[in-house]
Amino acid sequence: MVHTGYDPALVALSISIAIFASYTALDLGGRAGRTAGSARWGWIAGAAAAMGGGIWSMHFVGMLAFEMGMPAAYDLATTLLSLAIAVGFTGAAFGWISRRGASPRDLLIAGPAMGLGVAAMHYTGMAAMRVPGNLAYHAPVVAISVLIAVTAATTALWLTFRQISVAQKLIAACVMGIAVAGMHYTGMAAATFTGDAAGAHAMPSADMGHGQQNLALAVAGATFLILFLAMLASSLDQQRIQRELRASEARFRAAVQAVRGVLWTNDADGRMVGDQPGWSAITGQTRAEYEGYGWADAVHPDDAQASVEAWTATVRERRTFVHEHRVRNADGSWRHYAIRAVPILDARGEIQEWVGVHTDITEQRQVEAELRESNEEIQRYAYIVSHDLRAPLVNVMGFTSELEATRTEIGEALRGHPQAERIDADLGEALGFIQAAVTRMESLIAAILKLSREGRRNFSPERLDMTALMNRIADAQRHQTEQAGATVIVAPDLPAITADRLAIEQVFGNLIDNAVKYLDPARPGRIEVRAEGVGGGRVRFSVADNGRGIAARDHARVFELFRRSGAQDRPGEGIGLAHVKALVRSLGGRIEVTSELRVGTTFSVTLPRGTVTGHGQDGPPLRLAAE
Amino acid sequence: MIEDDEGHARLIERNIRRAGVNNAIRPFRDGTTALEYLLGADGTGEVSAKRHLLILLDLNLPDMTGIDILEKVKANPHTRRSPVVVLTTTDDQREIQRCYDLGANVYITKPVNYEGFANAIRQLGLFFSVMQVPENP
């Protein structure tokens, strides 16, 4: 048995290394939890290196602090192996626990693994020691040291990936540092050295002491330097985050001003809390008045209940809130607002708060109402005009027929007169022109009347299997199609939409009919009906032909009433496309044409998948980039 | 005959005559004078008692709609038995239903092309020539 003891300065040094290393690991590991992508693995590697390297360094200095009165040497390979074990196990544990979606149970896997790694490092390090004597272990104390290692490691991991303040981090680092050192010194206490007398005298102990202290200082110095560099990186990162946070806040404030909206926040349960300067400014409500659900008092009585119900449903379902209601402004006037609110999630996916914007759409609503009114007026006007124009037409036509009868009588009366034949021919010509003009006028008026009726028709939306519907339209026109030597190809996978059946049939019936009517005789006709989804819950259906095409200057004109394009060699009034356009607009869609002369024409009809409700689709909840 | 368009009135009269109807035809150009004739200046309708009336009614009148007249005629005990033939250019389904609900006996849409119009009126004339019109109470 040799006399053993500890160099107190080196012991203190070893403990401070452990504490500093723990703090660094906590800091870097915490940073990994808030970063995404490859940078995350950088922080995890840094934390593992700090923790594993720090523990190893603490351990090595602790060994050097041990005075056992005999010369000790270290086997380089085994010493490096012990360092690799420390960093490796710590890294694996950090990597395991910081995966996305790691559960608390994972802590019970990673923690003990890391603890065992630390214990393995310690005893590998002991084995690297070359001393002239024997080394024996007291098993129960070894077990206690392993237990301390496992407990300390599990606690360290738990703390690392939690959001904690700097003060908490400092305390945690002290506790962990002391636990790591405690494990080491418990492990040492488990060891018993039996000296070899010859060896003990082979080297002057004073030299030995100096050598150990210098080595300890060198290791400690290197460790501190590495940890210091890690902390430097960490603090630079912290500064970057704060810069970004400031920039993000400035951007946020600018965005609020830019949208001309009123911004408000609610707590996770959907209650209005805290200072809401925007809301107070428009409603004049004080904090006590709007808090909780008090804001609803400023909402129009007709809208308040629906608003509260919609809001509580949204909060329950964690959706994006899209709503409209009227709000009483501070001056007592009612203003119309569009509201959009999103939940803000924290790193764990829990709702942290709700952020919403009230946008004043009063003017927009007024303009819309005026537009609707003037549209209705135009429709009424078209109806009245076409209706009233018919009455005089009946007279023109009726008295023309009366004249026709009189003409026969004139013929009788003028019998034998030299000019009789010429007078009768002149009368006949004049009456013929009047009748032709009236017939034409009559068909034009009928077209306007039909258009104005379509505008007033009520739609009854139903779910439509568009492939079946288009095939039916194509079948109904099969006779004309076959006569023209053409084929109509309907894509088999057209998406279903919800719309008025009759209107949709009229739209596509007209388009397919036109395509068949205006084919190019130079080649066999080919008409294709396709569809593709476009953004915003809309579908673009297209009817493409390889027909004669429409000259570019006529692209807009073809949709105008009574306008036709190209050679006028087919019967028609120039009503079909005007009618189609009016219908598509009533369905909440739009129609476009692309065409090239002698190549073909494609009409694209973009329609909403469902009925128009005016509600936008929900976006994914926001996640805070920096906290 | 309550018809604001003089031309139409003339054409109707000519065609009815051609069908051989020789009864007196009294044209009215607006609702006020027509109602005055039908219900009297006092509006009681007593003037129409014992009359045999067939009313030809256009719905578009300058001072009121034909529906107002129809309503008053069918609500008055002295005139409600008189057959009312609504003759108008409108073919709005709701208006047609409303007229029959109010007690119109026939609703005819004036065809706009003259041939159809003349044909309809001639048919109407033939119809009138065999039609029994009751005496008003």
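Quick test of your reading of the structure: A:Ser16 fulfils all but one of (1) farther than 16 Å from A:Cys174 by Cβ; (2) part of a helix (DSSP H, G or I); (3) open to solvent by 10 Å² or more (accessible area, probe 1.4 Å). Name the failing condition by number.
(1)
Just give me the residues in segment B:10-37 being aliphatic (A, V, I, L, M), buried (at least 20 other Cβ atoms within 10 Å of the Cβ) and under 20 Å from B:Ile108 (Cβ atoms), in sequence order.
Passing the criteria: B:Leu11, B:Ile12, B:Ile16, B:Ala34.
A:Ala84 - would you say it is open to solvent by 50 Å² or more (accessible area, probe 1.4 Å) and at pLDDT 85 or above?
When the stated conditions are applied, A:Ala84 passes them.
Need pairs with beta-carbon distance below 8 Å; first residue among the hydroxyl-bearing types (Ser, Thr, Tyr) and within segment B:21-47, second loosely packed, with under 14 Cβ neighbours inside 10 Å; sequence gap 6+ or separate chains.
B:Thr32/B:Asp63; B:Tyr37/B:Arg26
For residues in segment A:121-172 being buried (at least 18 other Cβ atoms within 10 Å of the Cβ), polar (S, T, N, Q) and within 30 Å of A:Ser235 (Cβ to Cβ), which is modelled with the lowest pLDDT?
A:Thr160
Picking from A:Arg340, A:Arg253, which residue would you name as being within 23 Å of A:Ile361 (Cβ to Cβ), part of a helix (DSSP H, G or I) and of a type in the set (Lys, Arg)?
Just a single option satisfies the conditions, and that option is A:Arg253.
So is A:Gly62 in a helix (DSSP H, G or I) and under 53 Å from the mean Cα position of the chain (by Cα) or not? Give the steps one after another, and end with the answer.
On the way: in a helix (DSSP H, G or I): yes; under 53 Å from the mean Cα position of the chain (by Cα): no.
No.
Name the single residue, out of those in segment B:79-91 being open to solvent by less than 40 Å² (accessible area, probe 1.4 Å) and within 14 Å of chain A (Cβ to nearest Cβ), that is farthest from A:Glu442 (Cα to Cα).
B:Leu87
Condition first: hydrophobic (A, V, I, L, M, F, W, C), out of contact with any Lys or Arg (no Cβ under 8 Å at 6 or more places or on another chain) and either outside any helix (DSSP H, G or I) or surrounded by 18 or more Cβ atoms within 10 Å (Cβ to Cβ) (or both). Now tell me which residues in segment A:259-295 satisfy that.
A:Val259, A:Val262, A:Leu263, A:Trp264, A:Ala268, A:Met272, A:Val273, A:Trp279, A:Trp295
If you check A:Asp388, A:Asp346, which single one turns out to be within 32 Å of the chain's Cα centre (by Cα) and charged (D, E, K, R)? Can you show your working first?
Details: A:Asp388 fails: within 32 Å of the chain's Cα centre (by Cα).
It is A:Asp346.
Do you know which residues across segment B:105-137 are surrounded by 14 or more Cβ atoms within 10 Å (Cβ to Cβ), assigned to a helix (DSSP H, G or I) and within 14 Å of chain A (Cβ to nearest Cβ)?
Passing the criteria: B:Tyr114, B:Gly116, B:Phe117, B:Ala118, B:Ala120, B:Ile121, B:Arg122.
Within segment A:513-534, take every residue that is under 16 Å from A:Ile550 (Cβ atoms) and of a type in the set (Val, Ile, Thr) and give me the one that is most open to solvent (accessible area, probe 1.4 Å).
Only one residue tops the list, namely A:Val516.
From the set of residues in segment B:1-59 that are in a strand (DSSP E or B) and out of contact with any helix residue (DSSP H, G or I) (no Cβ under 6 Å at 6 or more places or on another chain), which is nearest to the other protein chains (Cβ to nearest Cβ)?
B:Leu56
When you look at A:Arg326, is it surrounded by 15 or more Cβ atoms within 10 Å (Cβ to Cβ) and not β-branched (Val, Ile, Thr), yes or no?
Yes: the conditions hold for A:Arg326.
So which of A:Ala437, A:Ala447, A:Ala420 is more than 12 Å from chain B (Cβ to nearest Cβ), open to solvent by 50 Å² or more (accessible area, probe 1.4 Å) and among the small types (Gly, Ala, Ser)?
Testing whether each residue is more than 12 Å from chain B (Cβ to nearest Cβ), open to solvent by 50 Å² or more (accessible area, probe 1.4 Å) and among the small types (Gly, Ala, Ser) leaves just A:Ala437.
When the residues of segment A:343-400 are narrowed to those that are open to solvent by 70 Å² or more (accessible area, probe 1.4 Å) and of a type in the set (Lys, Arg), which ends up nearest to the other protein chains (Cβ to nearest Cβ)?
Across segment A:343-400, the extreme among qualifying residues is A:Arg380.
The values are calculated or read from the model by the stated rules, or taken from the named source; none is laboratory data. Please read these numbers as outputs of a predicted model, since none were measured by experiment. Note that each Cβ is placed from the backbone with ideal geometry, even for glycine, and that neighbours are counted across all protein chains shown. The accessibility values were calculated without ligands, DNA or RNA, using every heavy atom of the protein model including side chains. Shrake-Rupley method; radii C 1.70, N 1.55, O 1.52, S 1.80 Å.
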